[in-house]
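All remarks here apply to the structure that follows.
The values are calculated or read from the model by the stated rules, or taken from the named source; none is laboratory data. What you see is a predicted model, and the numbers here were worked out from it, not measured in a lab. Note that each Cβ is placed from the backbone with ideal geometry, even for glycine, and that neighbours are counted across all protein chains shown.
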Amino acid sequence: MISVQTQGRPVLRILGTAATLIEPLRREAERDLGITLAFEVLDGVSAQRRAAIQPKTYDVYDQWFHNIDIVWSSAALQPIRTQRLKHWDRLIREDHAIGVRGRLGGADDMPLHSLYVQGDLRLGAERSERIGVLPTVYNVDSFGYLPDALPRDLASGEESWGWILDERVRGRVALVADPTVGSVDAALAANTLGLTHFVNVGRLSISEIDELVRILMRRKRAGHFAGFWHSIKEARALIEGGEVAIESMWSPTVGDLRSSGFKIAYARPKEGYRAWHGCLGLSSQIGGRVLDVAYEFLNWWLAGPAGAIMARQGYYFSVRSMVQAHLTPAEWSYWYLGEPASCDMLGPDGKVAALAGAVREGGADWQRLSHIAVWTTTMPEHHYLVRRWGQLLAA
């Protein structure tokens, strides 16, 4: 399907989430490539559903690795030929994150297991000249909190996922509404508090999903949760409105709140981080000039400018050496090396994301990657999880 053309400029339709589809990235890509980008920003579940069943409505799918298996199995994406990627060899050498294992998830949770297209068209770890999606950004997530708003005996202890289900913060907790993400955060918390025991928090069985939802239902009926957020904007609003003191949080929200004067701490949980890896996929319905432009966009990503924009909201980039050239030495030292900020660090929107002297929680990129508990994945019982999680949100 040929995309709409505007005054001779190719229009590339990008489907994804607010995690990466931000205005500064769109402006820079349009300027560098001479194309028009049309962003459609949805929540993770809605974007995955659209990608799987309506591949004619987008050209490029910008998502997370853990959302790819279902979209790929629906034949909505076409293989990406690595020969057309200018810096593919560098990516394979430098993107160590795709092969890092989670300590509490298992060997099968790392992104590498869903990277290469195999002979039977399934995705796997054995190398080939075709990939299902192009790895781009990655990060490790935890929860943010207001230290002064938590009980002193809790905030003075070692940071733990258990805090988000601790009775002492009842009524002031929020979880991310996305089932593949929120369920893992909650499972890590339930394990830590001894409320149950999950063998692999990244691959819950049907009975384990039922047990997790029972635990969360009891907490919800007791007034434990102040909300479940669907977007970065909603997560920020819950803190700004005063309803929430601790919540599942992503790096952009941390920067936004700090730029607004909030004293937000971003936890390094003793159990480890929940990690994720982003990627770009190509719709099975595009070809010809549209496909050529899509590859130009993928190669623009690999060249580093997109990774620099993402670094300023706390994300890492798959081609480490390419992004360094697009960051100042001060930015590189703070965002990647974990050193004190030598000046105020600006986010992609130009607002202060970290004050001079601040040190990034968790340290350098390699230190944070070495502290991963689990990678967010599409669980074998994903459809059942989505149904049960929907019942939790509706209760």
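With respect to (1) free of Cβ contacts under 8 Å to residues at least 24 places away in the same chain; (2) within 24 Å of Gln367 (Cα to Cα); (3) out of contact with any helix residue (DSSP H, G or I) (no Cβ under 8 Å at 6 or more places or on another chain), the lone exception for Asp109 is condition (1).
Just to be sure before I move on: is Glu361 surrounded by fewer than 22 Cβ atoms within 10 Å (Cβ to Cβ) and in a loop (DSSP other than H, G, I, E, B) in the structure I sent? Yes: the conditions hold for Glu361. I'd like the residue in region 171-198 that is surrounded by fewer than 18 Cβ atoms within 10 Å (Cβ to Cβ) and out of contact with any helix residue (DSSP H, G or I) (no Cβ under 8 Å at 6 or more places or on another chain) and, out of all such residues, is nearest to Leu392 (Cα to Cα). The extreme case among them is Gly171.
Within the set of pairs 6 or more residues apart or between chains, which connect a residue that is closer than 14 Å to Ile68 by Cβ inside region 117-128 to a residue that is loosely packed, with under 13 Cβ neighbours inside 10 Å and of a type in the set (Gly, Ala, Ser) with Cβ atoms less than 6 Å apart? Filtered contacts from region 117-128: no entries.
Quick one: count up the residues across region 352-373 that are out of contact with any Gly (no Cβ under 8 Å at 6 or more places or on another chain) and at negative phi. First the steps, then the outcome.
Keep residues of region 352-373 that are out of contact with any Gly (no Cβ under 8 Å at 6 or more places or on another chain), which gives 352, 355-358, 361, 366, 369-370.
Right, trim to at negative phi and you get 352, 355-356, 358, 361, 366, 369-370.
Count: 8.
Right, Ala306: crowded, with 22+ Cβ neighbours inside 10 Å, under 17 Å from the mean Cα position of the chain (by Cα), within 20 Å of His371 (Cα to Cα) and modelled with pLDDT of 95 or more or not? No: the conditions fail for Ala306. In region 98-137, of all residues being modelled with pLDDT of 95 or more and within 17 Å of the chain's Cα centre (by Cα), the one that is surrounded by the most Cβ atoms within 10 Å (Cβ to Cβ) corresponds to Val133. Comparison of Leu212, Leu193, Leu204, Leu165 shows that the only residue that is in contact with a Gly (Cβ under 6 Å, 6 or more places away or on another chain) and in the same structural domain as His383 (by TED's automatic domain parsing) is Leu193. Pairs, please: C-beta under 7 Å, at least 6 apart or cross-chain, first residue buried (at least 17 other Cβ atoms within 10 Å of the Cβ) and in region 40-67, second among the charged types (D, E, K, R) and assigned to a helix (DSSP H, G or I)? That search, which allows pairs on different chains as well, returns Leu42/Arg50.
Checking Pro348, Pro329 one by one, the residue that is of a type outside the set (A, V, I, L, M) and surrounded by fewer than 17 Cβ atoms within 10 Å (Cβ to Cβ) is Pro329 and no other. The set of residues in region 172-203 being touching a strand residue (DSSP E or B) at 6+ places or on another chain (Cβ under 6 Å) and on the phi > 0 side of the Ramachandran plot is empty.
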